[in-house]
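Presented below is the structure to which this report refers.
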Amino acid sequence: SANFNKQIRENNWVLESGIRYNMKLDELIRLNGADLDFYGRNSEYYLSVVPQKKGEIDFATTGVILDCVNCAGAPVLDEKIISGSNAYDQNLNLHIGLLILTPQGSQKGKYASR
């Protein structure tokens, strides 16, 4: 890798649910067919989508952690739980930064710990 100086392409994998890495929040809400909630700054799960089924996607088995380009100092993120549509209305540039997949047969809604 020391001699590799080319740009690495963005991951283009798409889950069966239609979720993909770097998907924008408004796209995720549309795909879900309903609003979603995520945790604010005062939670140990900051920017993680609440693991529940509220719409088409079961976020208890597909964990989504958001990332944000312009969130520094955004007061809406001081709330414990934030509505995705509210964050979008505040013009926050949120997108999927990490996906956590739960293997079949494991406890539903339990994220793995180290």
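The values are calculated or read from the model by the stated rules, or taken from the named source; none is laboratory data. Note that this is a predicted model, so its numbers are computed, not measured. Reconstructed Cβ throughout: ideal geometry from the backbone, glycine too, with neighbour counts over all protein chains shown. SASA here: full protein model, heavy atoms, side chains in, ligands and nucleic acids out. Shrake-Rupley method; radii C 1.70, N 1.55, O 1.52, S 1.80 Å.
All other residues whose Cβ lies under 15 angstrom from that of V64 are scored, Lys and Arg at +1 and Asp and Glu at -1, for a net of -3.
Do any chymotrypsin sites (Phe, Trp or Tyr not before Pro) in the range 11-104 lie in a loop, going by DSSP, with at most 10 other beta-carbon atoms within 10 Å of their beta carbon, and if so which?
Working: sites: W13, Y21, F38, Y39, Y45, Y46, F59, Y88; in loops: W13, Y21, Y45, Y46, F59.
Loop-located and lightly packed - W13.
Just the number please: accessible area per residue for the range 1-98, 1.4 Å probe, all protein chains included, in Å². Mind dumping the intermediate values first?
Values: 6150 Å² over 98 residues.
Heavy-atom SASA per residue in the range 1-98 reads 63 Å².
Spin-label model, I100/E44: points 7 Å from Cα along the beta carbon direction are separated by 1.1 nm.
Only protein heavy atoms count here; on that basis, with a 1.4 Å probe, L15 has an accessible area of about 50 Å². Accessible surface of R20, taken over heavy atoms with a 1.4 Å probe and every protein chain present, rounds to 80 Å².
Counted by Cβ distance under 15 Å from G73, the other residues give a net charge of -1, where Lys and Arg count +1 and Asp and Glu count -1. With θ taken as phi - 60° and the Karplus curve 6.51 cos²θ - 1.76 cosθ + 1.60 applied, the whole-hertz 3J(HN,Hα) list for the range 20-32 is 9, 4, 6, 5, 6, 4, 5, 5, 5, 5, 4, 4, 5 Hz, x standing for glycine and proline.
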